Amino acid sequence: MATFPVINLEKLNGAERSTTMDKINDACENWGFFQVLNHGIPHDFLDTVERLTKEHYKKCMEQRFKELVASKALEGLQAEVTDMDWESTFYICHVPQSNVAEIPDLTDEYRNVMKEFAVKLENLAEELLDLLCENLGLQKGYLKKVFNGSKGPTFGTKVSNYPPCPTPDKIKGLRAHTDAGGIILLFQDPIVGGLQILKNGEWVDVPPMRHSFVINLGDQLEVISNGRYRSVEHRVVTQTQGSRMSIASFYNPGSDAVIYPASALVENEAEEKKEWYPKFVFEDYMKLYAGMKFQAKEPRFEAMKATATA
């Protein structure tokens, strides 16, 4: 089986730029995921993010998880659990309006570090979107402009921990799904694995790699690229040993952004391919996604198409 794609972004600055861009394009077309190294975010800063996140979980979240999730999930457990996930999470909104000051139990240091983390990740997300534009033959800034709508993009971070689970065969850390939004940047635990993607009908492990980011494409990029790039189903499997940290940052369209295949990518397509993806407002898609997250994406696209036709 092919090796999970790892991209050294440093090589974009030299003689290997063309080869590196080809690797990114291949990953977007055939994997929907890739891992980036030498992304410009200092390693010591990422070590601080990891340390503070793990300290916060141990101090403020672990006991709550045992009381609210673990006890409920394991109570009378016989068959596989399909209606909940073995994870402890909180969400930070960054753009258009930050809520980091309102999140309880964060130390001042952690709060300030996550503000800085958000700025660095937003910049990296926009750099990556421009690389996708270049590979797709779209004007630089096209994807950011589409995502902006009238109010700018939405950007937030889901901070998760996946504690050890005594019955990994009975419950997933996170059930299989594709991501609804734009581009996702994951800073994951450097030791404890669990993330898997579906490729050619088989679940493939995404290897933990210190100081890297795992990048994946959401449903909106599949639509805008007219299916050239794909959002891919993924899940988190639980482990009996070790707690896995996961910090996923979602750079998504603004609520009123209108999403549709880029005209430059549709012009030369066969007639049936031109009409495969719908045109819709991102907020409407998210309302639909809320009730269909753990289902296949194709019915979501069909439902949006039906709504547009109606």
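The values are calculated or read from the model by the stated rules, or taken from the named source; none is laboratory data. As the structure is a prediction and not an experimental result, all values here were calculated from the model. We place every Cβ from the backbone using ideal geometry, glycine too, and count neighbours over all the protein chains shown. These accessible areas exclude ligands, DNA and RNA; they are computed on the full protein's heavy atoms, side chains included. Shrake-Rupley method; radii C 1.70, N 1.55, O 1.52, S 1.80 Å.
Which cross-chain or sequence-distant (5 or more) residues have an amide H under 5 Å from the amide H of K199, H modelled 1.01 Å from N in plane? Residues meeting the criterion, in which the H sits 1.01 Å from N, are V204. In order along segment 228-244, phi translates into HN-Hα couplings of 5, 9, 10, 7, 10, 5, 8, 8, 10, 8, 7, 10, 7, 10, x, 9, 9 Hz, rounded to whole numbers, per the Karplus curve 6.51 cos²θ - 1.76 cosθ + 1.60 with θ = phi - 60° and x for Gly and Pro.
Using Cα atoms only, what is the angle between the long axis of helix 282-292 and the major principal axis of the chain, expressed in degrees (0 to 90) to the nearest 10? Relative to the chain, helix 282-292 is tipped by roughly 50 degrees. Net charge dipole, the chain: roughly 280 debye, given to the nearest 20, about the Cα centre with Cβ charges of +1 for Lys and Arg and -1 for Asp and Glu. Under the convention that each Lys and Arg Cβ holds +1 and each Asp and Glu Cβ holds -1, the size of the dipole of segment 1-120 around its Cα centre is about 220 debye. Per residue, the accessible area of segment 184-310 comes to 42 Å² when a 1.4 Å probe rolls over the protein heavy atoms.
Helix 43-56 and the longest principal axis of the C-alpha atoms of the chain enclose an angle of approximately 50°. Here the accessible area of the chain is 49 percent carbon and sulfur, with a 1.4 angstrom probe and all protein chains present.
Here the extension length gained between D169 and R64 equals 35.5 nm, from 0.36 nm per residue of separation less the Cα-Cα distance. Whole-Hz Karplus values for segment 246-252 come out as 9, 10, 9, 10, 10, 9, 10 Hz, taken residue by residue from phi with 6.51 cos²θ - 1.76 cosθ + 1.60 and θ = phi - 60°; glycine and proline positions read x.
Here's the picture: charge each Lys and Arg Cβ at +1 and each Asp and Glu Cβ at -1 in segment 87-186, and of L121, G156, I171 the one pushed furthest to the positive end of that dipole is I171.
Step through the table entries K23/K145; K11/K158; K66/K145; K54/K151; K115/K145, compare each Cα-Cα distance with 32 Å, and write down the pairs that go over it. Cα-Cα > 32 Å for K66/K145; K54/K151; rest within. Couplings 3J(HN,Hα) of segment 29-37, computed from phi: 6, 10, 10, x, 9, 7, 10, 10, 10 Hz, in residue order, whole Hz [Karplus 6.51 cos²θ - 1.76 cosθ + 1.60, θ = phi - 60°; x for Gly and Pro].
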